[in-house]
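For reference, the structure discussed in these notes is given below.
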Amino acid sequence: MKVLGIETSCDETAISVVEGESDSVRVIFSDVFSQIEVHAKYGGVIPEQAARLHLEKLAVMLRARGVELAEIDGIAVTAGPGLSPALRVGVEMAKALAYVTGKPLVGVSHMEGHIYANWIEKEAPAFPVLALLVSGGHTELVLMCGHGDYERLGETLDDAVGEAFDKVASMLSLPYPGGPQVAKLAENGNDQAFEFPRGLLDREGYDFSFSGLKTAVLYTLREHDKELADETFRANIAASFQTAVVDTLIEKTRRAIESYDPKTVVIAGGVSANLLLREKMAELVESYGKAFVMPEFKYSLDNAGMIATAGYFHLRTGEKHDPLTLTANPNLDLCAKK
Ligand code: KG4
Ligand code: ZN
């Protein structure tokens, strides 16, 4: 089954066609146009501007790829969560294509897409799957007992991990989006230089908190304002921050492995591109003798291959949405009961 995927939830316009057969998915193409250059000038994403850029690009990208709609078996689009005006561009385009061609349409969750990046061109992860979702807007531990079956074990009570990375980057005057820049700076730093808090580790359960850590970094930078330009000092801040984040993510995942005994652990979302997280998570999961799967780098960040893949697993069961009534939902909850 060939599925066209469309993703416009934030600042990447993305299209993809994947081919699914049984539990395996192959990407025929996955194109991403990043708006980062425009948004970097403003230090963040302005929703209306993102939507305008999606409008300018989406049809052009489809045309440039020469997508043969007659050969497509279904269309999947990110219906949420995300920025409302941005989401609407993709959803309305997908509805129009589905309506005109009569092909089945399915609206999927962006977070579900991130999870399904772990099914792209890989041996299918065995259930139950424990997923650590770490992106710019979400930090969650989700248990998946089968396709489309999600139970949230814990989530952040304040900032998402990616958001904390981006805020620390901005405190260090690094350009948007800051996560990769902080990670790069951390490479030459001493992660023991500063003792930053590990949120909620003293509390039972699987929830996260990163606002205390963010504030601790801010206060440390204020105390050391004369060293702000010193590269060693900056690298030490970045490394100590990154290690505090990763320690927290690892410890909560360890608790969930102990309690739920999954067969597979996956990481998903933009922050799953973080090398320290990948390395520490691989060590943790292997120490429990479980399978560990992480997305290829190009499918860690926002893309439409993951949306088409999630769509394939819905469409193959016959599930579909009405192309006249599907609506974008900026607060779409992956774990909401249907
Ligand atoms: O999933 P994503 O591309 O967009 C959302 O759905 O939010 O995630 C973007 C987030 C940003 O906060 C970005 O700074 C962060 O992922 N990120 C990273 C890395 N690469 C991207 N954070 C830490 N280390 C990285 N290597
Ligand atoms: Zn994302």
Checklist entry - Expressed in nm to one decimal, what extension gain is obtained for the pair residue 219 and residue 279 from 0.36 nm per residue of sequence separation less their Cα-Cα distance? => result 18.7 nm
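Assuming R0 = 30 Å, what is the FRET efficiency of residue 42 and residue 68, from their Cβ-Cβ distance, to the nearest 0.05? Write out the running numbers ahead of the final one.
On the way: r = 38 Å, r/R0 = 1.26.
The calculated FRET efficiency here is 0.20.
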Checklist outcome for this item: Largest-first semi-axes in Å of the equivalent ellipsoid built from the Cα gyration tensor of segment 1-127 are 24, 18, 13
Checklist entry - So what's segment 76-127 giving for Cα Rg divided by 2.2 N^0.38 Å, two decimals? => result 1.34
Checklist entry - What relative contact order, as a whole-number percentage, does segment 118-265 give when Cα pairs under 8 Å and 6 or more residues apart are counted? => result 28
Item to check | 5 Å binning of all Cα-Cα separations within segment 52-208, expressed as whole percents from 0 upward | outcome: 2, 7, 11, 14, 16, 16, 14, 10, 6, 3, 2, 0, 0
Item to check | Segment residue 263-residue 296, extension gain: residue separation times 0.36 nm, minus the distance between their alpha carbons | outcome: 9.9 nm
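Would you mind getting me the FRET efficiency between residue 188 and residue 254? Use the beta-carbon distance for r and R0 = 22 Å, nearest 0.05. Show your work: numbers first, answer last.
Numbers: r = 28 Å, r/R0 = 1.28.
The pair residue 188/residue 254 has a calculated efficiency of 0.20.
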Checklist entry - Setting aside same-chain residues fewer than 8 positions from residue 290, which lysines have a Cα under 21 Å from its Cα? => result 122, 252, 263, 280
Checklist outcome for this item: Taking the dipole of the chain about the Cα centre (Lys, Arg +1; Asp, Glu -1; charges at Cβ), the one of 327, 310, 228 that reaches farthest to the positive side is 327
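Around residue 271, under 13 Å between beta carbons, what's the net of Lys plus Arg minus Asp minus Glu among the other residues?
Values: positive: 278, 280; negative: 140, 159, 163, 166, 302.
Net charge in that neighbourhood comes out at -3.
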Item to check | segment 221-320, relative contact order in percent, only Cα pairs under 8 angstrom and at least six apart counted | outcome: 24
Checklist entry - Semi-axes of segment 131-200's equivalent ellipsoid from the Cα gyration tensor, sqrt of 5 times each eigenvalue, largest first, rounded to whole Å? => result 28, 14, 11
Checklist entry - Over all Cα pairs of segment 291-338, how is the pair count split among 10 Å bins, expressed in % and running from 0 up to the last occupied bin? => result 18, 43, 33, 6, 0
Next on the checklist: For residue 226, give me every one of the lysines with a C-alpha distance below 28 angstrom, ignoring sequence neighbours fewer than eight places off in its own chain.
Outcome noted: 41, 167, 184, 214
Checklist entry - Considering the Cα trace of segment 170-209, what is its radius of gyration and what is Dmax, both in angstroms? => result 13.6, 36
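Rounded to the nearest 20 Debye, what is the dipole magnitude of the chain about its Cα centre when Lys and Arg each give +1 and Asp and Glu each give -1 at the C-beta? Each step should come with its number before you reach the end.
Values: 32 positive and 48 negative charges, 128 e Å.
My answer is approximately 620 debye.
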Item to check | Net charge over other residues, Cβ less than 12 angstrom from the Cβ of residue 244 (K, R count +1; D, E count -1) | outcome: -2
Checklist outcome for this item: Compactness summary of segment 152-250: radius of gyration and Dmax from Cα atoms, Å, are 13.0, 44
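Suppose a student asked you for the relative contact order of the chain, using Cα pairs under 8 Å spaced at least 6 residues apart; what percent would you report? Let's see the in-between values first.
Details: 758 pairs, mean separation 90.1, N = 338.
Value for the chain: 27 percent.
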Checklist entry - If you take the Cα Rg of the chain and divide it by 2.2 N^0.38 Å, with N the number of residues, what do you get? => result 1.00
Checklist entry - Would you list 10, 145, 335 from fewest to most Cβ contacts within 10 Å? => result 145, 335, 10
Checklist entry - Counting only residues 5 or more places away or on other chains, whose amide H sits under 5 Å from the amide H of residue 188 once H atoms are built in the peptide plane? => result none
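Counting Lys and Arg as +1 and Asp and Glu as -1, each charge on the Cβ, what is the dipole of segment 89-206 about the Cα centre in debye, to the nearest 20?
Details: 8 positive and 17 negative charges, 88 e Å.
Using Cβ point charges on Lys, Arg, Asp and Glu, segment 89-206 gives about 420 debye.
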Item to check | Descending principal axes extents, segment 236-327, alpha-carbon based, whole Å | outcome: 53, 32, 21
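Read-outs throughout are calculated quantities, based only on the coordinates presented, and are distinct from any laboratory measurement. Fair warning: this is a prediction, and the values are worked out from it, not measured in the lab. In this analysis, Cβ positions are derived from the backbone assuming ideal geometry, glycine residues included, and neighbour counts consider all displayed protein chains.
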